[in-house]
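The values are calculated or read from the model by the stated rules, or taken from the named source; none is laboratory data. All values reported here derive from a predicted model rather than from experimental measurement. Methodologically, a virtual Cβ is constructed for each residue, glycine included, from the backbone with ideal geometry; neighbour enumeration extends over all protein chains shown.
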Amino acid sequence: MSKGGDGFKEKHVLLAGSDEFRVKERAAEVLKELAPEDPMSLEVIDGQVLLVDQAVAQVDQVRSALLTLPFFGGRKVVYFKNVTFLGDTKEGRSEAVLAALERLLETLKKCPPSEAQLVVSALGFDRRRTFAKQLEAMSHVERFDLIDLRGKGGEEAVVAEIERALRALGLTAEPGAMERLAQLVGNETRTLHAEVEKLAVYLHPETVVTEEAVREIVAATRELVVWDLCDAVAEGKTRDAVGLLRQLLAQGESEIGVLAVLSNNFRLMAVCRSLEESGDLKLVPGRFPSVTMTEESKEFLPRTKAGELPKPFRLGRVTAQGKKRSRESVFGALETLYRTYWAALSGGADRARALESGLVELCRLK
């Protein structure tokens, strides 16, 4: 979140960013503090539109609302909410919309915030445009963007947001529960708060969120079940690994698909182990393991089909798991997976049995 301006009582207010939940949450807080004495002096106009004509009409309605002061005097607040055409959209690029926004700027210059104050919440906001620059100059600005999970400090920011959501409901969490929540919701703030509310109801009157509670209440994605399988195999938890494998196969996952994910996971573990031995990668211990590595060494990391590097949470976890295994077991796992692959291909109807046998062998490697 970033803020600007001297305070939101003396200026118009702009709340914008890609994090829809935080934008709406903050808008509710600001409106509560700015609420005029007469509730009729608060006018709300919806800026969520699909057509250019609708956007122009809504902007003109905002202008009219700002210029129409309360009959009995006093301060007026106009809330232009959920505006969808201040970003790089078809409506936002329209000449008619741009002209309407120019008229709005002229109106704002004539409206002291002490008399008629505008509060804007925008789900997209292109700061390069003339309108954006001028609106920011006369407004108190707060931005709420989704956390960049691949940027520096992204993991810490996710953890901080989880802790904030838990604290708001009087909850704390075990490290395993925190990590699983982070894996499940990522930077989706709205999903996080919804899931934390479910956990609070489920645990009441208890206040400590356990990993088991997260497993039971927070809906797991297919991707997370696959990663749970990888973790169970890497940590030698045979019973858990077999159970998760059978769950995935029952859900329609292909044996070859599961083998591909396991192979990628152990290949990543082997690469991290090699980079660690060469001094190009270091494990940073903590509540959530992470790594530091040279830019050159990133070229050796396996990438997704989309060409993306492994997620930071995954990279730290796999490296930590690899450190607990012998060098022989890390690289021996690749040989085991190769044999399992060919056994599955030649096994016909027994692919599942071949995969299960190979998985048990992987779990036993120390």
| field | Lone unmet requirement of (1) polar (S, T, N, Q); (2) surrounded by fewer than 16 Cβ atoms within 10 Å (Cβ to Cβ); (3) modelled with pLDDT of 90 or more for Thr130 | value | (3)
| remark: Scanning the range 196-224 residue by residue, the ones that are modelled with pLDDT of 90 or more and not hydrophobic (A, V, I, L, M, F, W, C) total 8
| query | So which residues in the range 274-293 are surrounded by 13 or more Cβ atoms within 10 Å (Cβ to Cβ) and more than 26 Å from Met178 (Cα to Cα), if there are any at all? | reply | Ser274, Leu275, Glu276, Asp280
| note | Note on the range 214-248: residues touching an Asp or Glu at 6+ places or on another chain (Cβ under 7 Å) and assigned to a helix (DSSP H, G or I) are Ala232, Val242, Leu244, Leu245
| note | Here the qualifying pairs (Cβ atoms under 9 Å; residues six or more apart or on different chains; first in the range 322-341 and within 18 Å of Lys282 (Cβ to Cβ) and free of Cβ contacts under 8 Å to residues at least 12 places away in the same chain; second assigned to a helix (DSSP H, G or I) and small (Gly, Ala, Ser)) come out as none
| Going by the structure shown, is Glu188 among the charged types (D, E, K, R) and at pLDDT below 90? | yes
| message | Could you tell me how many of the residues in the range 280-300 are assigned to a loop (DSSP other than H, G, I, E, B) and closer than 20 Å to Lys324 by Cβ? | response | 5
| message | charged (D, E, K, R) and outside any helix (DSSP H, G or I): which single residue out of Glu197, Glu206, Glu179 fits that description? | response | Glu206
| query | Can you find even one residue in the range 20-34 that is within 24 Å of Ala194 (Cα to Cα), of a type in the set (A, V, I, L, M) and at pLDDT below 90? | reply | no
| query | Residues in the range 176-185: is at least one touching a Pro at 6+ places or on another chain (Cβ under 9 Å) and at pLDDT below 90? | reply | no
| Which one of Leu135, Leu118, Leu149 is in a helix (DSSP H, G or I) and of a type outside the set (Lys, Arg)? | Leu135
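Per-residue answers, yes or no, for (1) aliphatic (A, V, I, L, M); (2) in contact with a Leu (Cβ under 7 Å, 6 or more places away or on another chain); (3) under 22 Å from Glu223 (Cβ atoms):
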residue	(1), (2), (3)
Thr304	no, no, yes
Pro310	no, yes, yes
Phe313	no, no, yes
Glu335	no, no, no
Thr340	no, yes, yes
Ser357	no, no, no
Val360	yes, no, no
| field | Selection from the range 301-335 of residues that are among the basic types (Lys, Arg) and surrounded by fewer than 19 Cβ atoms within 10 Å (Cβ to Cβ) | value | Arg303, Lys305, Lys311, Arg314, Lys323, Lys324, Arg327
| In the range 193-209, the residues that are crowded, with 16+ Cβ neighbours inside 10 Å and either of a type in the set (D, E, K, R) or touching a strand residue (DSSP E or B) at 6+ places or on another chain (Cβ under 9 Å) (or both) | Glu195, Val196, Leu199, Ala200, Leu203, Val209
| query | Restricting the search to the range 17-52, which residues are touching a residue at least 40 places away in the same chain (Cβ under 8 Å), exposed (fewer than 13 other Cβ atoms within 10 Å of the Cβ) and in a helix (DSSP H, G or I)? | reply | none
| remark: Inside the range 250-307, the number of residues satisfying the requirement of being closer than 24 Å to Val225 by Cβ and charged (D, E, K, R) is 6
